[in-house]
Structure formats: C-alpha cells, structure tokens
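Notes for the one structure printed next.
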Amino acid sequence: MRWSGLAEERVLVKGGTVVTMDDALGIIRDGAVLIEGDRIAKVGRAGEVEREGKPDRVIDARGGFVLPGLFCGHTHLYGIALRGALLNIRPPSDFLQILQRVWWPLDEKLTNEDAYATALAACIEMALTGTTCFADTYSAPNGIEGSLDAIARAVNEVGIRGFIAFEATERRSREEGERGLRENERYLRSQQGNAYGMVSVHASFTVTDEIVRKGVEISERFGCPITIHVSEGPNDVYHNIERYGKRTVERLEEVGALSRRAVLAHCVHLNDKEIAIVARHGASVAHNPMSNMLNAVGVAPVPEMLGAGVNVCLGNDGYVFDMFENVRSAFLIHRVSRRNPTVLSPKQVLEMVTVKAARAYGMKDYGSIAPGKLADVVVLRPRLMATPTTGDPYAYIVNGMGGADVRHVIVGGRQIVEDGMLLTLDVEEAERRILRTVERLWDRLGASPPEAVEPLRLGR
Ligand SMILES: [Zn+2]
C-alpha cells in the first residue's frame, strides 16, 4: 500500500479533458492539473503546466475527464444499512408512514458501533465512486452521545471529507431534542480531521420553535452550516398550517432559521411565495431526486428555485451513494415532469454537485479546479470508449458515465483511489466488520416490531 497519510509534494494529473467547473477556466482539452501539498497550484494545457518543473508523481488521465470531487449536499450515511433489508412491517402507503415504519424504528436500534460501520460502508462507496465531500445527518435516540466521534473516525479512515451532525428531534420528548443539539455542540468543539461539524434539526413537524432557535444560535456561534428537512412530504405543510397557520418556510422564516448558513433539504412542496422567501435570505436547498422518487413524495420545483436565484445543490438522502446516478436523476426528473427537454442542462446539474454544494456549505475553496482551491480531484475514464471524449464533456458525463468509471481520486493532494482500488484501508476486512455489525442490527430490527411514533403529538 503506497498511501502514507501525507499529501505528496507535487502531483501532476495529466492528459484528458479538465472539466474545471470554474466559469473563467471552463473546459481544458489535453489539460493538466498541478497539485502542491493539499492545494491546486496550476491548471491549463498539459504543455504549459509541465513547464512548471518536474512533479514527484504523474497521474495519467489520458482519454478521460478530470473533475472536481463530487459533493453530496445531503445524506444519511446509516441509510446504507437499509439496502436489501427485509422489514417485517405493514407496507407504508405514504411518506409519514415511511418515516414511522421504516426510518424511525431503525433510528431507535442504532448504536455507536452501527454509526461507525455504516459510515465506513457509505464513505468507502462514495470514495470509490468519486464523491469526496458530503453532508450527513445522523439520527439515533438511543445512541446520541459520542455518535459523531464514531462517524468522524470512519470519514477520516477512508480519507474523504464530510460535514457531520446529529439530527435534533422532539419526536419523543423535548429532552431528546436538547441532547441532539448538545451532541452537535460537543462535536463542534472537538472536530476531528476532515470531518467538520455542523448543526442539524430534523424537520419543522418534529421540533418546537425553541429547538430551532437553539440550533440557529449554535450555528451562529460556531459559524457553521445548519440543515433542516423542509416540506419533503405534504404532511410537513399540513402540520405547519394546522399548528401555526403558516406554510413551512414562512414558519422557519419567522423563527429566524433562514440565512446563508441554512441548507434546506428537499423543499418538494414549496409555493412561489416560499421560494421567494428562501431566495431573499440566501438559504440553499439540497435537492434529492432519487429519494423523492423512492418515497413518492413528488418533484421539487427546482427550475423555479433556480429562476428565483436560489442556490440548489444535490443530495442522495441516504439512498444511492453513487452521486453520478443522482446527477442523472436530477437531469431526467424535471424533463419528464415538465415534458420539456430543455428545462435543465447537463452543466447545471453538475454545478449542483460541485460548486453549488460547496457554496451551500460555505466552502469557498472547494468545488472547482482552480489555483488555490483544495485539491480534491477525480479522474474518470469510460470502461468502454464507444465514442470520443472530445465532444461535449458535460453531456458525456451526465448521460454516459457512472461511479464505476472512476479511476483515480485525490483528496487534499493525496491519492485515495488508484485504478478503482481504495488505498487507504483494506476493503475486504472493512466489509467483514460492516457485515457483522449490520447483520446484528437487522436481527434487532426483526426482533421487536416498530411502535408507531406520532409526530403530531408534539403538542406539549
Ligand atoms: Zn434527509
């Protein structure tokens, strides 16, 4: 294993088409990226970058594309434990029942070992499929304290980056919400490596104004992002209208939750007035098209949000961790729902998973390939070169490529994936540990059937 844990001095990624995602630099054919330490030093045509002197190592990108590492703007790493799970439940028939019968019972069984093992699995999968940064919110009412340390350990072992948070909720009690926020605050004081802290509040329909205000206060004090699920299903809208006489975004505005630091997940059921409010406060939206299709909640008004100037990034919501699949879904879902093939361009959806995700989470030095930016770079090469890669690279990537085409991944100047193999840890050994842990979790899930939790009893 060549990986030493340290960024090499000078690495040159050479050949191929550099898709910088930087407005000024655009697309560079037969390009090269020179990395010094953890930063990008120079980007340009290969011949011209090579004149900068001899690198310590050269990574060959010929015949492929060089992209910024993808950034998943909303996930639940532990969602990977549901893959293929046989759940002994009455099939849910709407979104609230999906939460009550699938997600919340899972949350209640989770231990810190589960947090670590599922984070390890999800981070390995993201690294291998070209995602180098993510924003995760974790939920486990019976395993709150220390859970973020367990997740941070997995993130740092795999060698990618992530914003991690515990999802504060008052599903069961006010105290549960307070403990969730305290875990975020505790972790924010002792952030480890490339696992950055942030604040997460579950959703408008499971928290009181006090918990939202406290979450906002913590995010202001630490200058970190705050994220909340917003009108993912219609139940959130009904809840807010019934209890507060307002729609979800109107209530969040009144409580002071909207700012440039806020990332609102989903926003499927927003009307034009709410979109204007989000835009006015400069809050970002994390769009999760694959999860929205899975949960049958509807199609988010992304074209309207973009039209209003909202910063929209892309997440997987803990469903499919290959972000190229999520990119393609974002590209397709609005076309079919509007029956309009021009509604979103391939470049626009790639922006959502690079520069716009970085902007959502306040990472100014991230999301594009440009001098001075953090050197998180992915080399993609199609397994089968059926057509030349000299045409439109955005269309080629969005229509034709996936995580399996990821050859090399560099994070902060150090290569963590080479020829499709993870260099940072022994994947087979990790797999054995993950499987042992998830099998035990599945046993616990099967052993005691879930008890329904009514979010609307939040009326204390
Ligand atoms: Zn979510």
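The values are calculated or read from the model by the stated rules, or taken from the named source; none is laboratory data. This one's a predicted model, so the numbers in the text were calculated from it and none came from an experiment. Cβ: placed from backbone, ideal geometry, glycine included. Neighbour counts: every protein chain shown. Ligands, DNA and RNA are stripped out before the accessible areas are found, and what is left, the full protein with its side chains, is counted by its heavy atoms. Shrake-Rupley method; radii C 1.70, N 1.55, O 1.52, S 1.80 Å.
Suppose we filter Val49, Val66, Val43, Val58 for residues that are more than 16 Å from the ligand (Cβ to nearest atom) and surrounded by fewer than 20 Cβ atoms within 10 Å (Cβ to Cβ); which single one remains? So that I can check it myself, show each step before the final result.
Numbers: Val49 fails: surrounded by fewer than 20 Cβ atoms within 10 Å (Cβ to Cβ); Val66 fails: surrounded by fewer than 20 Cβ atoms within 10 Å (Cβ to Cβ); Val43 fails: surrounded by fewer than 20 Cβ atoms within 10 Å (Cβ to Cβ).
Result of the check over Val49, Val66, Val43, Val58: Val58.
When you check Asn194 against the structure, is it surrounded by fewer than 24 Cβ atoms within 10 Å (Cβ to Cβ), modelled with pLDDT under 95 and over 19 Å from Arg260 (Cβ atoms), yes or no? So Asn194 fails the test. Collect the residues in the range 258-271 that are out of contact with any Ser or Thr (no Cβ under 8 Å at 6 or more places or on another chain) and either farther than 24 Å from Glu167 by Cα or within 16 Å of the ligand (Cβ to nearest atom) (or both), keeping them in residue-number order. Selection gives Asn271 alone. Taking the residues in the range 278-305 that are open to solvent by less than 10 Å² (accessible area, probe 1.4 Å) and more than 22 Å from Asp322 (Cβ to Cβ) as candidates, determine which candidate is nearest to the chain's Cα centre (by Cα). By that ranking, first place goes to Ser284. For the range 147-170, the condition of being within 16 Å of the ligand (Cβ to nearest atom), among the aromatic types (Phe, Trp, Tyr), modelled with pLDDT of 95 or more and open to solvent by less than 10 Å² (accessible area, probe 1.4 Å) holds for at least one residue.
Quick grid of which residues meet (1) β-branched (Val, Ile, Thr); (2) in contact with a Leu (Cβ under 9 Å, 6 or more places away or on another chain):
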residue: Arg261; (1), (2): no, no
residue: Cys267; (1), (2): no, no
residue: Ile277; (1), (2): yes, yes
residue: Gly282; (1), (2): no, yes
residue: Ala286; (1), (2): no, yes
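Counting just the residues of the range 357-368 that are touching a strand residue (DSSP E or B) at 6+ places or on another chain (Cβ under 7 Å) and either aromatic (Phe, Trp, Tyr) or surrounded by 15 or more Cβ atoms within 10 Å (Cβ to Cβ) (or both), which one comes out farthest from Ala135 (Cα to Cα)? Checking each candidate, the answer is Ser368. The residues on offer are Val49, Val43, Val58, and the sole one that is part of a helix (DSSP H, G or I) and more than 30 Å from Leu441 (Cα to Cα) is Val49. Counted as qualifying within the range 332-420 are the helices (runs of 4 or more DSSP H) with 3 or more residues that are without any contact (Cβ under 8 Å) to a residue 60 or more places away in the chain, namely 346-352. Which residue pairs have Cβ atoms under 8 Å apart, sit 6 or more places apart or on different chains, and have a first residue in the range 122-137 that is without any contact (Cβ under 8 Å) to a residue 12 or more places away in the chain and a second that is among the polar types (S, T, N, Q) and more than 16 Å from the ligand (Cβ to nearest atom)? Partner pairs satisfying both residue conditions: none exist. Quick check: is even one residue across the range 233-243 buried (at least 16 other Cβ atoms within 10 Å of the Cβ) and farther than 24 Å from Arg101 by Cα? Checked against the condition, which is being buried (at least 16 other Cβ atoms within 10 Å of the Cβ) and farther than 24 Å from Arg101 by Cα, the range 233-243 yields no hits at all.
Checking the structure you have, find out if any residue of the range 369-386 is within 16 Å of the ligand (Cβ to nearest atom) and open to solvent by 40 Å² or more (accessible area, probe 1.4 Å). No, every residue in the range 369-386 fails to be within 16 Å of the ligand (Cβ to nearest atom) and open to solvent by 40 Å² or more (accessible area, probe 1.4 Å).
The residues in the range 272-305 that are assigned to a strand (DSSP E or B) and either more than 16 Å from the ligand (Cβ to nearest atom) or more than 18 Å from Pro346 (Cα to Cα) (or both) can be counted, and the count is 2.
Does the range 306-321 include one or more residues that are part of a helix (DSSP H, G or I), open to solvent by less than 10 Å² (accessible area, probe 1.4 Å) and either on the phi < 0 side of the Ramachandran plot or modelled with pLDDT of 95 or more (or both)? Within the range 306-321 (the criterion being part of a helix (DSSP H, G or I), open to solvent by less than 10 Å² (accessible area, probe 1.4 Å) and either on the phi < 0 side of the Ramachandran plot or modelled with pLDDT of 95 or more (or both)), the answer is no, since none of the residues qualifies.
Within the range 428-444, none of the residues are closer than 30 Å to Gly37 by Cβ, surrounded by 12 or more Cβ atoms within 10 Å (Cβ to Cβ) and under 20 Å from the mean Cα position of the chain (by Cα). Given the structure, is Pro92 free of Cβ contacts under 8 Å to residues at least 60 places away in the same chain, open to solvent by 20 Å² or more (accessible area, probe 1.4 Å) and over 28 Å from Val11 (Cβ atoms)? Yes, satisfied. Can you confirm whether the range 116-134 contains a residue that is open to solvent by 30 Å² or more (accessible area, probe 1.4 Å) and touching an Asp or Glu at 6+ places or on another chain (Cβ under 8 Å)? Yes, there is a match, as at least one residue in the range 116-134 is open to solvent by 30 Å² or more (accessible area, probe 1.4 Å) and touching an Asp or Glu at 6+ places or on another chain (Cβ under 8 Å).
Evaluated against (1) among the acidic types (Asp, Glu); (2) within 16 Å of the ligand (Cβ to nearest atom); (3) open to solvent by 30 Å² or more (accessible area, probe 1.4 Å), Glu108 falls short on exactly one condition, (2).
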